[in-house]
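Q: What follows is a structure written as structure tokens; I'll ask about it next.
The values are calculated or read from the model by the stated rules, or taken from the named source; none is laboratory data. Treat the numbers as computed from the prediction; the structure is a model and nothing was measured. Here the Cβ positions follow ideal geometry from the backbone for every residue, glycine too, while neighbour counts run over all protein chains shown. These area figures cover heavy atoms from the full protein model, side chains too; ligands, DNA and RNA do not enter into them. Shrake-Rupley method; radii C 1.70, N 1.55, O 1.52, S 1.80 Å.
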Number of protein chains: 2
Amino acid sequence: MRARRRETTRGAATAGGEGTRASRYRNLKNPFVPTRVFSDDQVASLHEMALGMLENQGMRVLSPRGRAAFAAAGALVDESTNMVRLDRGLVAKALATVPAEVNLMARNPYRNCRVGGPHVVFAPVAGPPGVLESNGGKHTGTMADFRDFVKLSQAYDVIHVLGQMVEPQDVNIAVRHLETTHAQLTLGDKVPYFYCRGDGQLEDSFAMLRIALGKDEAAFESEAHCYTICNTNSPLQLDLPMTDGILKFASRGQLVIVTPFTLAGAMAPITIAGALTLAHAEALFGITLSQIVRPGTPVMYGSFTSNVDMKSGSPAFGTPEYTKAAFGAGQLARHINVPWRCSSATASNAADTQSVYESQMSLWGALLGGCHFILHAAGWLEGGLTASAEKFMLDVEMLQMFAEIFQPVVATADEVGVAAVAEAGPGGHFFATAHTMERYRDAFYSPLVSDWRNYGAWAADGAKTATQRAGDIARQTIANFQPPPMDQAIAEELTAFVERRKSEGGAPAVS
Amino acid sequence: MRARRRETTRGAATAGGEGTRASRYRNLKNPFVPTRVFSDDQVASLHEMALGMLENQGMRVLSPRGRAAFAAAGALVDESTNMVRLDRGLVAKALATVPAEVNLMARNPYRNCRVGGPHVVFAPVAGPPGVLESNGGKHTGTMADFRDFVKLSQAYDVIHVLGQMVEPQDVNIAVRHLETTHAQLTLGDKVPYFYCRGDGQLEDSFAMLRIALGKDEAAFESEAHCYTICNTNSPLQLDLPMTDGILKFASRGQLVIVTPFTLAGAMAPITIAGALTLAHAEALFGITLSQIVRPGTPVMYGSFTSNVDMKSGSPAFGTPEYTKAAFGAGQLARHINVPWRCSSATASNAADTQSVYESQMSLWGALLGGCHFILHAAGWLEGGLTASAEKFMLDVEMLQMFAEIFQPVVATADEVGVAAVAEAGPGGHFFATAHTMERYRDAFYSPLVSDWRNYGAWAADGAKTATQRAGDIARQTIANFQPPPMDQAIAEELTAFVERRKSEGGAPAVS
């Protein structure tokens, strides 16, 4: 076990091709006091309004098993309308058992990470059906694309977990989960993301993960080893696969992130406070279900509140409203002491300046808002309809910058260098002072994509834009990729599992 | 006077071509609690170290008049080395008279603005010798470029003052100030920026500004009507034109922004705390001089701390160190209760994704740091060596987004729309609810540059990147520009002034 751990570490160190600072990026702590848009009284009032929505109106639950679980716990269930109403006592009881911080255990212990408190995790884009090509064209996602994005996600330490970066539509949906799980488990050693498309697919994925981890069911279920997103269908509806996903993940003690997707003016009230309050009610509802199934199971408060363009109805992301909603969502999550997930997002159709300023507006909203888990942190474009390798690398650059911003600033007299100021003297310079010589090798962030050369040197080298350079880096990272080591017996067992389940026809995707 | 004011307002409303929300952007208040990187004790300790530098080492002052002013106030002046040392009592006495907030009075009262406290001002790029063309080429700045950038700066309400957006090198430097002042005063009605290149040039610019304002010397000097930047030559040196500029601006009661430019690892210690402490000492030194000249004269604490690329020695901007330094500089400025100026900056050679992510990192550092005046907020590229119209518009978009983020979020039950949630019902939508219908026209920020259409519509319309669209908008804004109204007699008097002073040979530029 010890030998294997060491081997794995070497693999991780070489895969990324990053400098000495990269190890800083594995486990991030956000040192900043969260930015607020609401007073404490306002937060309490919004929480009360959300509880009122759940008591008076409730949510429609399309899963009979979900309704039964709620009914058994004392919720008011109307089987004629599928509406489930919760009194505030039931919600309070559930919130009392939610863990404030959660460990995510990877097959490589150096990839373990933690959410909640000061801890922050960055996850790649999830869900795009398409891929944006470097030439500006688009194509439908394939399994080859999926593997490339696993490689990109594995290669950079600032991406802390794996994901469902693109939907591989060249693989039948009944066996797709076998292929995507196999890719996540063999090309990466970080915590994987499994889709909730029915119990059969999840049992397959959990079984494969246990093989990769070398853990039995009891050990697997004692801690979170994977995560999923369960979206509500705003307003006030929880569909079959999402409800059953909460049931399955909670029963196995794996991390479920309950995320209402509330577009203000479309599926939610047109105001920030309104969209957040509806989202809060729906998140409370899903979180309550998780704790009914298994008190203490890890669950996160997901928020995804943005606005539509009122001219066209198109969803917009990384807008000022989005940033303020992130600040507010963080306050609501802290009010109930549940770890909070937010996102980086943009509506841009290209890996251009809009994509970057919208994504960065999202990231600041999330990170200054005190977010613990950023989904879609790298590679998202076009409102989530395409994944882009260029955008992935631009995002990794921004994420590494945030990781550096999180590092504390030292303020001792020695660090200030009062003696160096005396040594340099008026009009002098600090290049050769002892203070500089002791520190210069690792004093500053060394960028991946940014080019700081002067115009002449940059132009002579092809005058490439940052987006072009990002594409070059992505291609190079994929070409140089070395998968993390895995015991031969485990690799064979995983392959055999996939082959067997494929020959059996896989498992139906529930929708 | 009343009629003229109304006329001017119409002019302002038509010049920008912006929507109804634009008027929000004229006077901004930052509602957020500043983000901190230091504890209060650390800030006090850095302040003490800076005072120690001024007491023990002092600064070299190249202006004899500056040294005389310091000596008369009780500073220790060594005329053999030009070194001036300040005891902490002298600094404390000066800080006691600095106004915590300052009004900037424009010729159009609707363009008046305020710095300090919650108030924030955005100023355009200053100083680039070159212009980046839309095709990627570069040329040396001309007076035509200068006028174009005045038009861009005047046209958008979110740019609050004018500036020296590019250096027009097709005009002789002895008369250049006459042309640039004339352009600022006739193409704009916002507060202008004058360079400190000797008393003669400043007296010309002040005289022209008094003509435009219709104010006598006493009225002019009773409030700030223009601003300047006085950079120290870090480390620990104040050159002739900068020292004399502080003397002149302070004696006339105009706003001087004392800004050390401390590149960590080059002209400042290699650490963030060290570069900030040196900058703090130098800023205190210049601020003290301003208050010696005229206690109570408006002055700002300028910070411009970044780092060099230790591989090449090139300056870098918008780095993680830059962002953290901004947070820290804000704390030091608040410690002495002096309004704080910071910057938006990037080292990128193109108006590409790097330029945007670096500039936005700078802006968040400044604005979450509690900055009152952002210089270079629009149009800066290439470490300040080029101005770019494309970048200007991308920055205006980001600044407008920040202006929107500053608007408060309402959290009443009516705003939340509890009734609308009941009306929409589970699985419904909010497009047609009364709550939406009452608010949809002005619910959200309407972007200038961002394109939120779907991929098909965007591709069919030319698949333009955000940078290309920004260039289109800049060209359209310049083409449609209407100068703000000005009394004919005043316009003629200004022209006559310029002609007379040009015929007299202008005034020498002191360097």
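Q: For chain A, find the longest principal axis of its Cα atoms and tell me its angle to the long axis of helix A:466-479, 0 to 90°, nearest 10.
A: 80
Q: Kindly give the distances from B:Ala422 to its copy-mates, label point to label point, with each label point 7 Å from Cα along Cα→Cβ, as nm values to one decimal ordered shortest first.
A: In nanometres, ordered from closest: 7.5.
Q: Using the Karplus curve 6.51 cos²θ - 1.76 cosθ + 1.60 with θ = phi - 60°, work out ³J(HN,Hα) for each residue of the range B:492-500 in order, rounded to whole Hz, and write x for Gly and Pro.
A: With coefficients 6.51, -1.76 and 1.60, one gets 5, 5, 5, 4, 5, 4, 4, 4, 4 Hz.
Q: Near the amide H of A:Lys138, under 5 Å away, which other amide H atoms are found, from residues 5 or more places off or on another chain, if H is placed in the peptide plane?
A: The answer is A:Glu133.
Q: Something else: What is the sum of charges, Lys and Arg at +1 and Asp and Glu at -1, for the other residues whose Cβ falls under 15 Å from the Cβ of B:Ser234?
A: -2
Q: For the range B:207-221, in order, what is each residue's ³J(HN,Hα) by Karplus, 6.51 cos²θ - 1.76 cosθ + 1.60 with θ = phi - 60°, in whole Hz (x at glycine and Pro)?
A: Ordered by residue, 3J(HN,Hα) equals 4, 5, 5, 5, 4, 4, 7, x, 10, 7, 4, 4, 5, 4, 7 Hz.
Q: With n ≥ 4 as the cut-off for DSSP H runs, can you work out [θ] at 222 nm for the protein assembly as shown, using -39500 (n - 2.57) per run divided by the number of residues, rounded to the nearest 500?
A: The helix-only estimate for the protein assembly as shown comes to -14500 deg cm²/dmol at 222 nm.
Q: Percent antiparallel among DSSP beta bridges with both residues in the range A:86-227, to the nearest 5?
A: Working: 7 of 10 bridges.
Taking every DSSP beta bridge within the range A:86-227, about 70 percent pair in antiparallel fashion.
Q: Further question on the same structure: I'd like the residues of the range B:451-495 whose 1.4 Å-probe accessible area shrinks by no less than 30 Å² going from the isolated chain to the full set of protein chains.
A: Residues of the range B:451-495 that lose at least 30 Å² of accessible area once the other chains are added: B:Trp452, B:Tyr455, B:Trp458, B:Ala466.
Q: Of all accessible surface on chain B at a 1.4 Å probe, what whole percent is carbon and sulfur?
A: Taking all protein chains in place, chain B shows 53 percent carbon and sulfur surface.
Q: So, one more: Can you list the residues, at least 5 places off or on another chain, whose amide H is less than 5 Å from the amide H of B:Leu236, using H built in the peptide plane?
A: A:Gly427
Q: Tell me, what is the FRET efficiency for A:Ser511 and B:Val33 to the nearest 0.05, using R0 = 45 angstrom and their Cβ-Cβ distance as r?
A: Calculated value: 0.50.
Q: Can you tell me the dipole magnitude for chain A around its Cα centre, using point charges on the Cβ only (Lys, Arg +1; Asp, Glu -1), in Debye to the nearest 20?
A: Charge dipole, chain A, about its Cα centre: 620 debye, nearest 20.
Q: Here is a further query. Nearest 10 degrees, 0 to 90: what angle lies between the long axis of helix A:272-293 and the longest principal axis of chain A (Cα atoms)?
A: Roughly 70 degrees between the two axes.
Q: While we're here: Checking buried surface per residue: for the range B:381-413, which residues lose a minimum of 40 Å² accessible area in the protein assembly relative to the chain alone (1.4 Å probe)?
A: When all protein chains are present, B:Met401, B:Ile405, B:Val409, B:Ala411 each give up 40 Å² or more of accessible surface.
Q: Evaluate Rg over Rh across the protein assembly as shown, taking Cα atoms for both radii and Kirkwood's formula for Rh.
A: 1.00
Q: Can you list the residues of the range B:421-442 whose accessible area drops by at least 50 Å² going from the chain on its own to the full set of protein chains, with a 1.4 Å probe?
A: The answer is B:Val421, B:Pro426, B:Phe430, B:Phe431.
Q: Is the shape of the range A:160-237 rounded, prolate or oblate, going by the alpha carbon gyration tensor and its root eigenvalues a ≥ b ≥ c, with a/c under 1.5 for rounded and a/b larger than b/c for prolate?
A: oblate
Q: At a probe of 1.4 Å, how much accessible area disappears from chains B and A on forming the pair, both sides counted, to the nearest 100 Å²?
A: Summing both chains' loss of accessible area gives about 8900 Å².
Q: By the 4.7 Å beta carbon criterion, which cysteine residues of chain A come out unpaired?
A: A:Cys113, A:Cys196, A:Cys226, A:Cys230
Q: Now a separate question. What nm distance separates the two modelled labels at A:Asp170 and A:Glu203, each placed 7 Å from Cα along Cα→Cβ?
A: 3.1
Q: Considering only protein heavy atoms, what per residue accessible area in square angstrom results for chain A with a 1.4 angstrom probe?
A: Accessible area per residue, chain A: 32 Å².
Q: Quick one: which of B:170-177, A:413-420, A:473-480 comes out on top by average Cβ neighbours within 10 Å, and what's the full order, highest first?
A: Top to bottom by mean Cβ count within 10 Å: A:413-420, B:170-177, A:473-480.
Q: Using heavy-atom solvent-accessible surface (probe 1.4 Å) with all chains present, what is the largest-first order of B:Ile272, A:Ile292?
A: Largest accessible area first, the residues go A:Ile292, B:Ile272.
Q: Next question. Please give, to one decimal in nm, the separation of the simple spin-label points placed at B:Glu79 and A:Lys311, each 7 Å out from Cα toward the Cβ.
A: Computed distance between label sites B:Glu79 and A:Lys311 equals 6.9 nm.
Q: Express in whole angstrom the spacing between the alpha-carbon centres of the range B:341-367 and the range A:254-276.
A: Each part reduced to its Cα centre gives a spacing of 31 Å.
Q: Seen from all sides and averaged, what is the projected area of the convex hull of the Cα atoms in the range B:318-389, in nm²?
A: The directionally averaged projection comes out at 4.3 nm².
Q: Another question, then. What's the center-to-center distance, using Cα atoms, between the range A:78-149 and the range A:432-511 in Å?
A: Each part's Cα centre sits 22 Å from the other's.
Q: To check you understand DSSP bridge types, tell me what percent of the beta bridges within the protein assembly as shown (both residues inside) are antiparallel, rounded to 5.
A: Here the share of antiparallel DSSP bridges comes out near 40 percent.
Q: Now a separate question. In nm to one decimal, list the spacings between the B:Thr495 label point and its equivalents in the other copies, with label points set 7 Å along Cα to Cβ, shortest first.
A: 8.6
Q: Tell me which of A:Ala387, B:Phe261, A:Ala326 sits at the most positive position along the dipole axis of the protein assembly as shown, charges placed on C-beta atoms (Lys, Arg +1; Asp, Glu -1).
A: A:Ala326
Q: Taking all pairs of distinct Cα atoms, average 1/r, flip it, and tell me the Kirkwood hydrodynamic radius of the range A:296-455 in Å to one decimal place.
A: Taking the inverse mean of 1/r over all distinct Cα pairs, the range A:296-455 comes out at 18.4 Å.
Q: Using the Karplus equation 6.51 cos²θ - 1.76 cosθ + 1.60 (θ = phi - 60°), what ³J(HN,Hα) coupling, rounded to whole Hz, does each residue of the range B:138-147 give in order, writing x for Gly and Pro?
A: Using θ = phi - 60°, the values come out as 9, 9, 5, x, 10, 5, 5, 4, 4, 4 Hz.
Q: Tell me, what is a quarter of the convex hull surface for the C-alpha atoms of chain A, in nm² with one decimal?
A: Approximately 27.0 nm², given one-decimal rounding.
Q: Determine, from the Cβ-Cβ distance of B:Ala479 and B:Ser134 and an R0 of 22 Å, the FRET efficiency 1/(1 + (r/R0)^6), rounded to the nearest 0.05.
A: Working: r = 14 Å, r/R0 = 0.63.
The calculated FRET efficiency here is 0.95.
Q: Right, here's the next one. Provide the percentage of antiparallel DSSP beta bridges, counting only those with both residues in chain B; round to the nearest 5.
A: Given both bridge residues lie in chain B, the antiparallel proportion sits at roughly 40 percent.
Q: Could I have the simple spin-label model distance between B:Ala460 and A:Ala460, label points 7 Å from Cα toward Cβ, reported in nm to one decimal?
A: Modelled inter-label distance: 4.8 nm.
Q: Continuing with the same structure: Return the long-range amide H neighbours of A:Ser306 (sequence gap of 5 or more, or a different chain), with a cut-off of under 5 Å between placed amide H atoms.
A: So A:Ser306 has HN proximity to A:Thr262, A:Leu263, A:Ala264.
Q: Using a 1.4 angstrom probe with every protein chain in place, what is the largest-first accessible-area order of B:Asp451, B:Asp442?
A: Numbers: B:Asp451 15, B:Asp442 65 Å².
Reading off the accessible areas and sorting them downward yields B:Asp442, B:Asp451.
Q: Now, a different point. Once the whole set of protein chains is in place, how much accessible area is left on A:Asp216, using a 1.4 Å probe, in Å² to the nearest 10?
A: Its accessible surface works out to 100 Å², give or take rounding.
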